[in-house]
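J.: Got a structure for you, written out below as structure tokens; questions coming shortly.
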Amino acid sequence: MELDQDNLRNNFVKSHSKLNKDRILSIGLNYHLKGNIHEARKYYELFLDKGFKDPKVLSNYGIICLQEGKAKKAYNMFIESIKLFPNHPESYVNLGSILIDKKNFKEAIKYLNKAISINPELSNAHLLLSSIYIDQKEFSKAKISLKKLIKLKPNLHKALLSLGAIYFETKEFIDAEIVLKKAIELDSNSYSSFLNLGAVLKELKKFDEAELISRKAIHLNPKSVQAINNLASILISIHKYDEAELLLNKAINIDNRFFLSYINLAAIKERNLEIKEGIKLIRLAIKLQPKISLGYNSLGLLLMRIRHLEEAETLFKYAINIDSSSSKYFYNLGQVQQLKLKYFQAIESFTSAIELNNDFRQAKVELGTVLLKVGNHKKGLQKLRECNGYIRFRHNQDCTIFS
């Protein structure tokens, strides 16, 4: 078979021997633009077999090789193009793309930045660069790349979608709302835009709008368990528990391995005082996703309700080991430590929660309360005053906050 291919190629070269460099280049590029990859490849190979060199041919032929699963050959094409034509930015972008696939992000960043230094308006370089930073959770750098890209192409939907997702991750929900609504203006059938916007609006407590947007996401993708869970979570927030439960059971029927369905269903069971059933559901969720902190935190909260304090404390610590950036996890740990009368450990936990989120009012209240309990009246009262509360401390035991 390989011999037949070689013969076909040799015959093609002989039959087109009189074509000059420019003509071969023109025909190959034209076929490529029309999407006729088979013919484009033949003319690119003819061009290279004749010893001609051109950055467009090397890059385009490399892309074809990459699409055919010949990554090593594509890599060599891009390297050769860079050596022969060091001022051709597309070759750096293509090489960067291969390096991203290989998870060699450091080298990919180097080549993509080189492409941008040659041509700052190369939109694909900015997009690929932002994808690396998102993967590495370097969100501030990703935002810079995406903002540059959007400045170049203000109507590029995928750039707006990515920027909205980053704003969500960095809890800049108002900015996320603006960007995602712009994305929807550009593409009113974008499931991802509606899905993400629904989650953002929930965080902004715009529950009615969040419900409408999330229903639209489900309309666009009826079998999306993520969209169904988003809507169920919103319905739980506005006390529409019956519909939320129906939706979650539907989600489990679609995909019984989706972690969040069990977490959200457990929240409804807790509300109905079916604590043991809720605990079973969360344990199942943890079994499905043992490396996600939310499961351990959710289980800890339920166990704390039935005063299984020892296991609850262990679970909150486990959640923190997975994700030490959550102020709520430290707050919950402080709560259970306070119930166990481990006041000094509780002080450390509440302090950590406040360090992560200085606007965490309830953590400050709890910290002030515990400080008073251990006799540190000055710091305790100071912390409580930060919450604009009035404190009545009685017998070194009771602390009542009047807002």
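J.: Would you list the helices (runs of 4 or more DSSP H) that sit entirely within the stretch 311-386 and hold 1 or more residues that are touching a Ser or Thr at 6+ places or on another chain (Cβ under 8 Å) and either in contact (Cβ under 8 Å) with a residue 60 or more places away in the chain or more than 22 Å from Ser293 (Cβ to Cβ) (or both)? It would help to see each step written out before you state the result.
T.: Working: elements: 327-339, 343-356, 361-373, 377-385.
Answer list for the stretch 311-386: 361-373, 377-385.
J.: Further question on the same structure: What helices (runs of 4 or more DSSP H), lying completely within the stretch 148-257, carry at least 3 residues that are in contact with an Asp or Glu (Cβ under 6 Å, 6 or more places away or on another chain) and under 28 Å from Ala285 (Cβ atoms)?
T.: 225-237
J.: Quick one: which of Ile254, Ile218 is closer than 20 Å to Ser192 by Cβ, in contact (Cβ under 8 Å) with a residue 24 or more places away in the chain and touching a Ser or Thr at 6+ places or on another chain (Cβ under 9 Å)?
T.: Sole residue among the options that is closer than 20 Å to Ser192 by Cβ, in contact (Cβ under 8 Å) with a residue 24 or more places away in the chain and touching a Ser or Thr at 6+ places or on another chain (Cβ under 9 Å): Ile254.
J.: Could you please give the count of residues in the stretch 47-75 that are modelled with pLDDT under 80 and either touching a His at 6+ places or on another chain (Cβ under 6 Å) or on the phi > 0 side of the Ramachandran plot (or both)?
T.: Matching residues across the stretch 47-75 total 2.
J.: Taking only the stretch 196-205 into account, find how many residues are buried (at least 17 other Cβ atoms within 10 Å of the Cβ) and either aliphatic (A, V, I, L, M) or more than 14 Å from Gly164 (Cα to Cα) (or both).
T.: 5
J.: Counting just the residues of the stretch 72-98 that are among the small types (Gly, Ala, Ser) and within 27 Å of the chain's Cα centre (by Cα), which one comes out farthest from Asn119 (Cα to Cα)?
T.: Ser97
J.: Here is a follow-up. In the set Ser224, Ser237, Ser193, which member is in contact with a Phe, Trp or Tyr (Cβ under 9 Å, 6 or more places away or on another chain), more than 24 Å from Asn272 (Cα to Cα) and either of a type in the set (Lys, Arg) or in contact (Cβ under 8 Å) with a residue 24 or more places away in the chain (or both)?
T.: Sole residue among the options that is in contact with a Phe, Trp or Tyr (Cβ under 9 Å, 6 or more places away or on another chain), more than 24 Å from Asn272 (Cα to Cα) and either of a type in the set (Lys, Arg) or in contact (Cβ under 8 Å) with a residue 24 or more places away in the chain (or both): Ser224.
J.: Would you point out which residue out of Ser224, Ser214, Ser188, Ser193 is surrounded by fewer than 21 Cβ atoms within 10 Å (Cβ to Cβ) and under 20 Å from the mean Cα position of the chain (by Cα)?
T.: Ser224
J.: Report the residue count in the stretch 67-96 for those that are under 18 Å from His38 (Cβ atoms), surrounded by fewer than 20 Cβ atoms within 10 Å (Cβ to Cβ) and either among the hydrophobic types (A, V, I, L, M, F, W, C) or touching a residue at least 12 places away in the same chain (Cβ under 8 Å) (or both).
T.: Matching residues across the stretch 67-96 total 1.
J.: Among the numbered criteria (1) under 19 Å from Ile228 (Cα atoms); (2) touching a Lys or Arg at 6+ places or on another chain (Cβ under 8 Å), which one does Leu265 miss?
T.: Of (1) under 19 Å from Ile228 (Cα atoms); (2) touching a Lys or Arg at 6+ places or on another chain (Cβ under 8 Å), only one is false for Leu265: (2).
The values are calculated or read from the model by the stated rules, or taken from the named source; none is laboratory data. Keep in mind it's a predicted model, so treat the numbers as computed, not measured. A quick note on method: Cβ atoms are made from the backbone with ideal geometry, for glycine too, and the neighbour counts reach across all protein chains shown.
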